[in-house]
Amino acid sequence: MILLRSLIFQLGVWAFTIPFTILSILTFPLSAIARYKFISLWAKTILLWLKISCNINFKVNGLENIPKKPFMVLSKHQSAWETLAFQKIFPPQVWVLKRELLWIPFFGWGLAMTSPIAINRKAGKKALGQMLKQGVDRISKGFCIIIFPEGTRIKPKEIGKYHIGGAWLAKKAKINIIPVAHNAGSFWPKNSLIKYPGEITVSIGLAIDTSNISSGEANKIAKDWIESEMVKINV
């Protein structure tokens, strides 16, 4: 039954994504925020379809910690689920991602319309400069920024290396960091067709003020909070 539900979910995603992408491309003349608000309807619809087809829901602890002005999210990355759910949980946002994702037919084309910070990871220090320039631009337009400091999806109960780039960008851009933990990988595993029913927990921590600490210190504070929270919510 779980396999059948997972297949039904995937078929629904494909059937909805292609026509929605075409509609999304038509939003090009709109402002960046207006485009985002329309295109994020895709993620919100897929979340609803996930609940209907696979019986996966979620709860959020710490909603009161979300700031009113633009901020940086440093989050655990376990699944494709959080790339959908964060669009429902947080204000208008952009993602720091590898530019190759924008080349994926339909999905990547729609993603490109959301004003992501798409970098060439092979560019070294030039990639940092590009990230800062685009980050400041997106913040000025009212977006918050989402970064997965471990750089890739990590299996439940495992810890990857927390790269300093997100904390560095937050300090340079003079915005606070919001640490986020979740256990989505226990329900929607990495690279898996199977989706397991249940309730995902998302925990949002207190803002980390980057003004009087180094990027390294900010990164460590975020990591320590996220990983301590992961111990509490892992299933």
Using the number of other C-beta atoms within 10 angstrom as an exposure proxy, rank His182, His163, His77 with the fewest first.
His163, His77, His182
For the pair Glu217/Glu199, report the inter-label distance in nm, with labels modelled 7 Å from Cα in the Cβ direction.
3.9 nm
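Using the structure shown, list the pairs from Lys68/Lys133; Lys126/Lys172; Lys69/Lys220 with a Cα-Cα distance above 20 Å, or answer none.
Too far apart for the 20 Å limit: Lys68/Lys133; Lys69/Lys220.
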Counting other C-beta atoms within 10 Å, which of Thr114, Thr201, Thr83 has the fewest, and how do the rest follow?
Thr83, Thr201, Thr114
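What is the sum of charges, Lys and Arg at +1 and Asp and Glu at -1, for the other residues whose Cβ falls under 11 Å from the Cβ of Ser115?
Numbers: positive: Arg35, Arg138, Lys141; negative: Asp137.
Summing Lys/Arg as +1 and Asp/Glu as -1 gives +2.
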With Cα springs under 10 Å, the Gaussian network model of the chain assigns the largest mean-square fluctuation among Asn176, Asn55, Asn212 to Asn212
For Lys190, go through the aspartates and glutamates and keep the ones whose alpha-carbon is under 13 Å away, minus same-chain ones fewer than eight residues off.
Glu82, Glu158
Cα centroid separation - region 82-103 against region 142-189, whole Å
12 Å
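Where does the chain land at 222 nm, in deg cm²/dmol rounded to the nearest 500, when only DSSP H runs of n ≥ 4 count, each adding -39500 (n - 2.57), divided by all residues?
Numbers: 7 runs with 106 residues, N = 235.
-15000 deg cm²/dmol, from helical runs alone.
What shape does region 5-47 have by the C-alpha gyration tensor, where a ≥ b ≥ c are the square roots of the eigenvalues, rounded means a/c under 1.5, and otherwise prolate means a/b greater than b/c and oblate the rest?
Values: a/c = 5.96, a/b = 2.20, b/c = 2.71.
Verdict is oblate for region 5-47.
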Taking region 1-92, which trypsin sites (Lys or Arg not before Pro) meet the DSSP loop condition and have no more than 10 other C-beta atoms within 10 Å?
Lys68
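Taken together, the values in this text are just the output of simple stated rules run on the coordinates, not laboratory data. What you see is a predicted model, and the numbers here were worked out from it, not measured in a lab. No Cβ is skipped: glycine too gets one built from the backbone with ideal geometry, and neighbour counts run over all protein chains shown.
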